[in-house]
Amino acid sequence: MIVKLFDSELKVMEALWKEGEATAKHISDVLKEQVGWNMNTTYTVIKRCIQKGVIERSEPHFLCRPLITREQARQAETDALIDRFYDSSADQLFAALLGRPQLNQEQIERLKRMVDQMEEE
């Protein structure tokens, strides 16, 4: 399932991924505290997520449950990034990451381990 989630939708999903499932009221309370949203804003974003098929709503109390995992959302965003900016070439993205001057030695070592692990599989 490839679904584009906007920043506002990701805020709702993050709250749900943390909780597992929660009422819309609880999500609204969390996001009011975190980002200052009012209840109507939160409910509107939740309804958009339901329409996109990434949240399931059940009763009682407008109980919400995520239908995709954080990893699935990350993978979809990564695939879209690679397709859009790197001509569908993951190695070009990887080369761009390696060329970043902000990478410290620990991050470089972690990337090396990832490549080694991929080669073993």
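Taking the chain, how many lysine pairs are there with alpha carbons less than 22 Å apart, if each pair must be eight or more places apart or span two chains?
The number of close lysine pairs in the chain is 13.
Any chance you could give the angle, 0 to 90 degrees and rounded to 10, that helix 39-52 forms with the longest Cα principal axis of the chain?
The angle comes out near 60 degrees.
Across the stretch 96-107, in residue order, what do the Karplus-derived ³J(HN,Hα) couplings come to in whole Hz, using 6.51 cos²θ - 1.76 cosθ + 1.60 with θ = phi - 60° and x for Gly and Pro?
Once rounded to whole Hz, the list reads 5, 5, 5, x, 6, x, 7, 5, 8, 4, 4, 5.
For the chain, what is the charge dipole size about the Cα centre, in debye to the nearest 20, if Lys and Arg each add +1 at the Cβ and Asp and Glu each add -1 at the Cβ?
The calculated dipole for the chain is roughly 640 debye.
Can you give me the Kirkwood hydrodynamic radius for the stretch 1-50, using every pair of distinct Cα atoms, in Å to one decimal?
Answer for the stretch 1-50: a Kirkwood hydrodynamic radius of 10.8 Å.
Show the residues, 5+ positions off or on another chain, whose built amide H is closer than 5 Å to the amide H of residue 37.
Counting only residues 5 or more places away or on other chains, the set is 32.
Leaving out ligands, DNA and RNA, what percent of the accessible area of the chain is carbon and sulfur, probe 1.4 Å?
51 percent
At 1.4 Å probe size, with every protein chain present, just tell me what the per residue accessible area of the stretch 1-66 comes to in Å². Walk me through the numbers before you get to the answer.
Working: 3990 Å² over 66 residues.
So the stretch 1-66 comes to 61 Å² accessible per residue, rounded to a whole number.
May I ask which residue of 73, 95, 62 lies farthest towards the positive end of the charge dipole of the stretch 55-98, with charges of +1 (Lys, Arg) and -1 (Asp, Glu) on Cβ and the Cα centre as origin?
Value computed over the given set: 62.
With each run of n ≥ 4 DSSP H residues scored as -39500 (n - 2.57), what mean residue ellipticity at 222 nm is computed for the chain after dividing by its residue count and rounding to the nearest 500 deg cm²/dmol?
Counting only the DSSP helices, I get -21000 deg cm²/dmol.
Report the Cα centroid-to-centroid distance between the stretch 20-45 and the stretch 50-92 in angstrom, as an integer.
So the two Cα centres are separated by 19 Å.
Roughly how large, in nm² to one decimal, is the mean projection of the convex hull of the alpha-carbon atoms in the chain?
On the way: hull surface 39.0 nm².
Directional mean of the projected Cα hull area for the chain stands at 9.7 nm².
Under the Karplus relation 6.51 cos²θ - 1.76 cosθ + 1.60, θ = phi - 60°, what is the ordered set of whole-Hz ³J(HN,Hα) values for the stretch 65-73, x standing for Gly and Pro?
9, x, 9, 10, 8, 4, 5, 5, 5
The values are calculated or read from the model by the stated rules, or taken from the named source; none is laboratory data. It should be emphasised that the depicted structure is a prediction, and the values quoted were computed from it without experimental measurement. Quick reminder, even Gly has a Cβ in these numbers, built from the backbone with ideal geometry, and neighbours come from all protein chains shown. With ligands, DNA and RNA removed, areas are computed over all heavy atoms of the protein, side chains included. Shrake-Rupley method; radii C 1.70, N 1.55, O 1.52, S 1.80 Å.
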